[in-house]
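Have a look at the structure below before the remarks.
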Amino acid sequence: LPTVIFSLEMGKEEWGDRFLSTDMPIESSLLQKGNINKLQWEPLAQSISKLSELPIYIDDSPVITLNSIRAKVKQLIAKHHRIGMVGIDYLQLMEGTDGDSFNLAFQIGKITRGLKQLARECNTTVVILSQLNRGVESRNVKRPMMSDLRESGRIEEDSDLVLLLYRDEYYHPDTIDRGIAEVIIAKNRGGPTGVTKLLFDPQFTCFKNLAQR
């Protein structure tokens with residue numbers, strides 16, 4: 001099924017590098033610098049060919065509103081009849097609709113409620129990335145909680161599933177959990193909450209099952 005990502009954080013080229021890095025695999029820094037050796041050209045060409053055939057759309061417009069997301073999704077549904085996922089990177093960079101209050105919490109709430117309605121209306125999944133409040137950095141325990149989500153009230157209310165990421169290595173380089181990422185299931189409507197662990201591979205900017213370590 002087609003996927004569309006509205007990216008206010010990264011441009012299309014950087015997304016392309018990330019996809020290629022994970023698929024080949026090859027370090028994304030080598031792609032960005034153009035340091036590709038002769039043995040890597042053929043796998044690179046094959047990966048580009050494969051990825052170019054996937055129905056993945058990246059919208060990196062500098063200004064993205066709830067209305068523009070709705071219009072783009074409707075356009076893709078008209079073309080493909082259904083869409084598998086809508087991704088937004090990230091929520092706090094979206095523009096509020098015309099006439100909104102300058103209050104950020106009000107704007108965020110209006111956007112999250114509109115995206116929830118869009119998901120139901122179009123029978124699709126909407127995945128939203130969100131910033132954390134800076135207060136988490138001042139705590140002794142850095143592991144995030146749902147209340148750390150910036151303007152968390154409406155995000156918590158409108159979300160069916162809330163996942164928080166934590167890497168102990170980021171704060172404690174000598175930790176025994178080097179290379180381990182915790183996925184904290186802070187909210188799961190109709191399902192269990194808890195913590196699961198994955199392997200984080202910084203070379204290829206990807207997560208893997210621990211069994212593959």
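Since every read-out is calculated from the coordinates, none of them should be taken as a lab result. On a predicted model such as this, the values are computed, not experimentally measured, just so you know. FYI the Cβ positions are ideal-geometry reconstructions off the backbone, even for glycines, and counts take in every protein chain you see.
So the values come out like this:
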{"quantity": "Centroid-to-centroid separation of segment 185-211 and segment 82-96 [C-alpha atoms, Å]", "calculated": "21"}
{"quantity": "Separation between Cα centres of segment 113-147 and segment 27-68, rounded to whole Å", "calculated": "26"}
{"quantity": "Distant alpha-carbon pairs in segment 1-102 (separation over 21 angstrom), percent", "calculated": "46"}
{"quantity": "In order through segment 83-90: 3J(HN,Hα) via Karplus (6.51 cos²θ - 1.76 cosθ + 1.60), integer Hz, x for Gly, Pro", "calculated": "10, x, 7, 10, x, 10, 10, 9"}
{"quantity": "Least to most buried among MET24, MET94 (fewest other Cβ within 10 Å first)", "calculated": "MET24, MET94"}
{"quantity": "Nearest-0.05 FRET efficiency for VAL136 and LEU199, computed from C-beta distance (R0 25 Å)", "calculated": "0.60"}
{"quantity": "Antiparallel content of DSSP bridges confined to the chain, in %, to 5", "calculated": "55"}
{"quantity": "Gyration tensor (alpha-carbon) shape descriptor, the chain, a/c threshold 1.5", "calculated": "oblate"}
{"quantity": "Positive minus negative residues near PRO2 (Lys, Arg vs Asp, Glu; Cβ under 9 Å)", "calculated": "+2"}
{"quantity": "Extended-chain gain in nm, criterion 0.36 nm per residue less alpha-carbon gap, ILE77 and MET10", "calculated": "21.7 nm"}
{"quantity": "Simple label model, 7 Å out from Cα along Cβ direction - ARG18 to GLU121, nm", "calculated": "2.7"}
{"quantity": "Out-of-range pairs (alpha-carbon distance over 22 Å; input LYS33/LYS208; LYS142/LYS187; LYS12/LYS208; LYS12/LYS142; LYS12/LYS187; LYS12/LYS33)", "calculated": "LYS33/LYS208; LYS12/LYS208; LYS12/LYS142; LYS12/LYS187"}
{"quantity": "Distant-in-sequence amide H partners of ASN133 (H built 1.01 Å from N, under 5 Å)", "calculated": "LEU149, ARG150"}
